[in-house]
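So the structure is just underneath, and the comments pick up after that.
The values are calculated or read from the model by the stated rules, or taken from the named source; none is laboratory data. This is a predicted model, so every value here is computed, not measured. All Cβ positions, even for glycine, are placed from backbone atoms using ideal geometry, and neighbour counts span all protein chains on display. Areas reflect the complete protein model, heavy atoms only, side chains present, ligands, DNA and RNA absent. Shrake-Rupley method; radii C 1.70, N 1.55, O 1.52, S 1.80 Å.
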Amino acid sequence: RLAAAAALRPEGHAELDLAALGQDSVAVAALGRLLALVSGRPYAPAAPAVLALLRRGEGTLAGAWLHPRPGRPALLAREAAGLAPPVPACQGAVWDGRFRLIGPGDPVCRLGALGPAAAARLRDRAPLPAVALAALPAIWHHAALVAVPHLHYPGLEASARFATILAPTIAGGG
């Protein structure tokens, strides 16, 4: 049932058919795990809070934001206010509890959020919701945007050097 109701995207957000998901204990457990994945937290939030979010059909919980979209699946995205600060862009670095740098990287650069201003400039490069685009991992050197691997920006060479994958660590085998 979860496979029919939810799609986790490699950019770090999920799309949910809330009607197909339902509101039973399986739905609560599944949404709890998705909340942990999208927020980068090691544990799912408490079941009563997840059920309350499901019943409302929108809102924030545990660093993630559930947003209904008429005629489309609901969006579960990382809450911008909870994004982690940048980390050195070294191979193996983990940013925001969600993304791991697998390329060789460069320790003089930082791995952090793309942010809304840079996301607005790159809006035409990806058909992603604005909130998901702004929460993408990006490589910065001081205030200069060096790369956005998920968008292959500025090109394939920079994207490969700073390749990142969605690889959250979830307690309990996630």
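How much length is gained on full extension from ALA3 to GLU157, taking 0.36 nm per residue of separation minus their Cα-Cα distance?
Once the chain is fully extended between ALA3 and GLU157, it gains 52.0 nm.
May I ask you to give the percent of accessible area on the chain that is carbon plus sulfur, with a probe radius of 1.4 Å?
Its accessible area is 61 percent carbon and sulfur atoms.
Under a 1.4 Å probe, what is the accessible area of the chain per residue, stated in Å²?
47
State, to one decimal in nm, how far the label point of CYS90 lies from the label point of ARG56, with both points 7 Å from Cα in the Cβ direction.
With each label point 7 Å from Cα toward Cβ, the separation is 4.0 nm.
Note the full-extension length gain between HIS141 and ALA29 as 0.36 nm times their separation in residues minus their Cα-Cα distance, in nm to one decimal.
Residue separation times 0.36 nm, minus the Cα-Cα distance, leaves 36.3 nm.
Length gain on complete extension for the stretch ALA167 to ASP124, per 0.36 nm per residue less the alpha carbon to alpha carbon distance?
So the extension gain works out to 12.9 nm.
Taking the Cα-to-Cβ direction at VAL108 and at ALA81 and moving 7 Å from each Cα, how far apart do the two end points lie in nm?
In this crude spin-label approximation the distance works out to 3.8 nm.
Where does each of TRP140, TRP95, TRP65 land when they are ordered by accessible area, with a 1.4 Å probe and the largest first?
My answer, sorted largest first, is TRP65, TRP140, TRP95.
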